[in-house]
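Quick notes on the structure that follows.
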Amino acid sequence: MRILSLFSGAGGLDLGLKQSGHQIVWANDSDPDATETYRHNVDDNIILSDINEIDLNMVPSADVVVGGFPCQGFSVANLNRNIDDERNRLYEAFCNAIAVTQPKFFIAENVKGILSLDKGMIIKRIVSDFEGAGYLVNVNKVNMADYGIPQTRQRVVILGQRRDIADSMILSLPKPTHSKSGSPAPWVSISEAIGMFPDPDEPNDILNHICSSYKVEYRNFTGHRQTDPDKPSPTILARGNGKGGVCAIPHYNGTRRLTIRESAAVQTFPDDFKFFGGLGSCYRQIGNAVPVAFGRIMGEELNRIDSFAMFKESLDANNIAI
């Protein structure tokens, strides 16, 4: 399918969709470093611009619009979050793009805090806006560890389907493939994901294998919890507004933070994926990304729908009822 990507960032979701066989026809982000990273690794069809300055009538037609609209105002890590945070309103730009371009489907990703903001009224408003644009909508709370990502990253995935496609929702979240209990498969641990990387102080030629010197100091707070080598990583973090210092997860050896490369591996970026920008920018790009493997899973779900649609068209052409 033809994919139009908004708030593309470094391109984790988009790379996964491409790996599943889909085509990125247009992408957009306002961060220069993320845009350079995307252009180098994912696709050169990306525009560096504020989404509000884009004439949506000029973007290419697409089957699917995807994007993780900025989420820092929604995040539970933002202790000052409130419904008036201007970043909470950037979803309106995403919704407007849906209304104007009218894709068959959309996939939107955000933090779990969006579900509880203003006692659940914000997510109801967001769903109502998407429905008003002509879409069937379902909202899913996802733990990425349940899909083989080595990280207990809890996110909200909002799926939309244009009402004229079918009477009921056919785009859906695939069934989990992993679980804490081990059925159908056990969660993937952080040591399985990054155990092959040498210490960054040792001689190596690994891309982006450098880390913050921010001291490891354990306390029960975001970015300071102890990492267990036999469990998935804590959520890979970002300081999405570009302010403050680096916020990198401690390595399970207890002596340092994860490197950029290790953080990227936890987010399932391939080892040859090169990040551009300073240390803080690279960590931020990775922390803001959708894991590549999850993007690939959603791409396979789109393939399933596409195959079903072609099958149904064949039956209709031969006047065969399902």
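The values are calculated or read from the model by the stated rules, or taken from the named source; none is laboratory data. Just so it is clear, the structure is predicted and the values come from calculations on it, not from any experiment. Don't worry about glycine lacking a Cβ; one is built from the backbone with ideal geometry, like all the others, and counts go over all protein chains shown.
Okay, residues lined up against (1) surrounded by fewer than 19 Cβ atoms within 10 Å (Cβ to Cβ); (2) outside any strand (DSSP E or B):
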| residue | (1), (2) |
| --- | --- |
| Ala10 | no, yes |
| Gly16 | no, yes |
| Ile24 | no, no |
| Ala34 | no, yes |
| Tyr38 | no, yes |
| Pro60 | yes, yes |
| Val65 | no, no |
| Pro70 | no, yes |
Inset, instruction - Give the residues of the stretch 1-24 that are over 15 Å from the mean Cα position of the chain (by Cα) and closer than 15 Å to Phe105 by Cα, sorted by residue number. - result: Met1, Arg2, His22, Gln23, Ile24
Legend entry - Unique match (being in contact (Cβ under 8 Å) with a residue 40 or more places away in the chain, farther than 25 Å from Asp33 by Cα and either of a type outside the set (A, V, I, L, M, F, W, C) or crowded, with 18+ Cβ neighbours inside 10 Å (or both)) among Val266, Val188: Val188
Legend entry - Single match in Asn80, Asn88, Asn52, Asn96 (criterion: at pLDDT 90 or above and of a type outside the set (Phe, Trp, Tyr)): Asn96
Legend entry - Enumeration of residues in the stretch 41-56 that are hydrophobic (A, V, I, L, M, F, W, C) and either in a loop (DSSP other than H, G, I, E, B) or surrounded by 18 or more Cβ atoms within 10 Å (Cβ to Cβ) (or both): Val42, Ile46, Ile51, Ile54
Inset, instruction - Report, ordered by the first and then the second residue, all pairs with beta carbons closer than 8 Å, sequence separation of six or more or different chains, a first member in the stretch 11-37 that is closer than 25 Å to Asn57 by Cβ, and a second member that is part of a strand (DSSP E or B) and polar (S, T, N, Q). - result: Gly11/Ser5; Leu13/Ser5; Asp14/Ser5; Ile24/Ser5; Trp26/Ser5; Ala27/Ser5; Asn28/Ser5
Inset, instruction - Need at least 3 residues that are modelled with pLDDT under 95 and more than 25 Å from Ala108 (Cα to Cα) per element, so show me which helices (runs of 4 or more DSSP H) inside the stretch 259-317 make the cut, counting only ones lying wholly within it. - result: 292-317
Inset, instruction - Read through the list (1) free of Cβ contacts under 8 Å to residues at least 60 places away in the same chain; (2) farther than 16 Å from Ser191 by Cα; (3) part of a helix (DSSP H, G or I), then give the number of the only condition that Tyr214 fails. - result: (3)
Inset, instruction - Output the number of the condition that Ala99 fails; it satisfies all remaining conditions of (1) surrounded by 18 or more Cβ atoms within 10 Å (Cβ to Cβ); (2) among the small types (Gly, Ala, Ser); (3) out of contact with any His (no Cβ under 7 Å at 6 or more places or on another chain). - result: (1)
Inset, instruction - Of all residues in the stretch 123-168, count the ones that are more than 30 Å from Pro186 (Cα to Cα), outside any strand (DSSP E or B) and not basic (Lys, Arg). - result: 15
